[in-house]
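A.B. asks: One structure is given below, represented as structure tokens, and several questions about it will come after.
The values are calculated or read from the model by the stated rules, or taken from the named source; none is laboratory data. Quantities reported herein were computed from a predicted structural model and do not represent experimental measurements. Methodologically, a virtual Cβ is constructed for each residue, glycine included, from the backbone with ideal geometry; neighbour enumeration extends over all protein chains shown. Keep in mind that these areas ignore ligands, DNA and RNA; they rest on the heavy atoms of the full protein, side chains included. Shrake-Rupley method; radii C 1.70, N 1.55, O 1.52, S 1.80 Å.
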Amino acid sequence: MTVKKIGTIDLTHPLWWTDYNNTPSVSAEAQSTISGGVIVWEQAIATNAKNITLSSKESGWQTIAVKDAIKALAAASLGTTTTITTTADEVISVRFRHEQSGGAVSFERVYDTKLFDYYTCNIYLARV
């Protein structure tokens, strides 16, 4: 699955949704009883609460303007939600995962030259 838009930002090239087919996991909590037994609560983590990772891979390079717009959107997103639009025109509400180690977004210049301003990226979101 690929994503063509984040909020109102049209991406230069679609980004790959790398964890699209991940299955929901199970959350478990255990509590000891007075007699030494254990009570366990298990529940499936809802599909709509799953993490979303968008990645350039080898073909989703973004211009410097798109990079700057995404970084500004992420910086202004604390406590808010935004949307992503897939190439199949599905609109999904998300938030930036600022709790992600290394931050909610990362960019790396494709070539280290001022004549070529394209970047690969990883964007960490959570469905809300």
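A.B. asks: Taking all protein chains in place and a 1.4 Å probe, what share, in percent, of the accessible surface of the chain do carbon and sulfur account for?
C.D. replies: About 51 percent, which is the carbon plus sulfur part of the accessible surface.
A.B. asks: For q = 0.18, 0.24, 0.34 Å⁻¹, what log10 I(q)/I(0) does region 83-128 give under the Debye formula with an equal point scatterer on each alpha carbon and no solvent?
C.D. replies: Taken in order of the listed q values, log10 I(q)/I(0) reads -0.70, -0.86, -1.10.
A.B. asks: While we're looking at this one, here's another question. Using the Karplus curve 6.51 cos²θ - 1.76 cosθ + 1.60 with θ = phi - 60°, what ³J(HN,Hα) values do you get for each residue of region 115-122, in whole Hz, with x for Gly and Pro?
C.D. replies: 7, 9, 9, 10, 10, 8, 8, 10
A.B. asks: Still on this structure, please answer the following. For region 67-84, in order, what is each residue's ³J(HN,Hα) by Karplus, 6.51 cos²θ - 1.76 cosθ + 1.60 with θ = phi - 60°, in whole Hz (x at glycine and Pro)?
C.D. replies: Once θ is set to phi - 60°, the couplings for region 67-84 become 4, 5, 5, 5, 4, 5, 4, 5, 5, 8, 8, 4, x, 10, 10, 9, 10, 10 Hz.
A.B. asks: Quick one: accessible area per residue over the chain, 1.4 Å probe, rounded to a whole number of Å²?
C.D. replies: For the chain, the solvent-accessible area averages 61 Å² per residue.
A.B. asks: Now for a separate question. Could you rank the peptides 106-119, 74-87 by their average count of other C-beta atoms within 10 Å per residue, with the highest value first?
C.D. replies: Values: 106-119: 12.1, 74-87: 14.4.
Descending mean neighbour count gives 74-87, 106-119.
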